[in-house]
Amino acid sequence: MNAQTLKATLPRDLMASVVVLLVALPLCMGIAIASGMPPAKGVITGIVGGLVVGWLAGAPLQVSGPAAGLTVLVFELVQQYGAAMLGPILLLAGALQLLAGRLKLGCWFRVTAPAVVYGMLAGIGILIVLSQLHVMLDGQPEASGLDNIGAFPAALWAALPFSGGGNGLIAASLGLLTILCMWAWDRL
């Protein structure tokens, strides 16, 4: 990259990195807490992911922010090996990614049919919606998708005012109003 190109792209890339940092920082802290780490570790990963990696990115569509799906993996690593081993394990994972990139192993992922990827993403979306329905009814989501389906009728019954429930109907109304506003915003 020559100096002229760097001068043209640096302000745009730097601003994009700052935006990623500001958006991702609360999520990074939440993932750190959910992974069994102190929130300060999440702040550090947000800074590295948002500012450093975003600025050094080689592709305009590269994602360097937090991935909530990795929380379970990080939690298991911390529980099994301790926080002190998290750094070396992540460095080893990064080295394996660099090696896979250098050996051009990414082409093997094209073998996966798009329908499989779409199905996986749809499944994740359904699980998220099922858990958020409980939250929208002012309840607590269950541990698994099947448990969320099984507990939904009870959560719906508890949200009704005549069943002696709490604020479930108010919370559900607010959730539906939010969905309506988002739908209208998109249309208007």
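Of everything in the stretch 48-60 that's of a type in the set (Gly, Ala, Ser) and at pLDDT 65 or above, which residue is surrounded by the fewest Cβ atoms within 10 Å (Cβ to Cβ)?
GLY49
Working only within the stretch 11-36, note down all residues that are in contact (Cβ under 8 Å) with a residue 40 or more places away in the chain and of a type outside the set (D, E, K, R).
If the condition is that a residue be in contact (Cβ under 8 Å) with a residue 40 or more places away in the chain and of a type outside the set (D, E, K, R), then LEU14, VAL20, VAL23, ALA24, LEU27, ILE31, ALA34, SER35, GLY36 are the ones that fit.
Which residues, counting only those in the stretch 113-164, are surrounded by fewer than 16 Cβ atoms within 10 Å (Cβ to Cβ), outside any loop (DSSP other than H, G, I, E, B), of a type in the set (S, T, N, Q) and at pLDDT 80 or above?
Listed by number, the list holds a single entry, GLN132.
Just checking, does the stretch 27-47 include any residue being in contact with a Gly (Cβ under 6 Å, 6 or more places away or on another chain), modelled with pLDDT under 75, under 23 Å from ILE124 (Cα atoms) and buried (at least 17 other Cβ atoms within 10 Å of the Cβ)?
no
Kindly provide the set of residues from the stretch 61-112 that are modelled with pLDDT under 85 and farther than 22 Å from LEU27 by Cα, ordered by number.
The answer is GLY106, CYS107, TRP108, PHE109, ARG110, VAL111, THR112.
For the stretch 105-137, what are the residues that are of a type in the set (A, V, I, L, M, F, W, C) and closer than 30 Å to ALA159 by Cα?
Those that are of a type in the set (A, V, I, L, M, F, W, C) and closer than 30 Å to ALA159 by Cα: LEU121, ALA122, ILE124, ILE126, LEU127, ILE128, VAL129, LEU130, LEU133, VAL135, MET136, LEU137.
The values are calculated or read from the model by the stated rules, or taken from the named source; none is laboratory data. Being a predicted model, the structure only gives us computed values, none of them experimental. Virtual Cβ from ideal backbone geometry, glycine too; neighbours counted across all protein chains shown.
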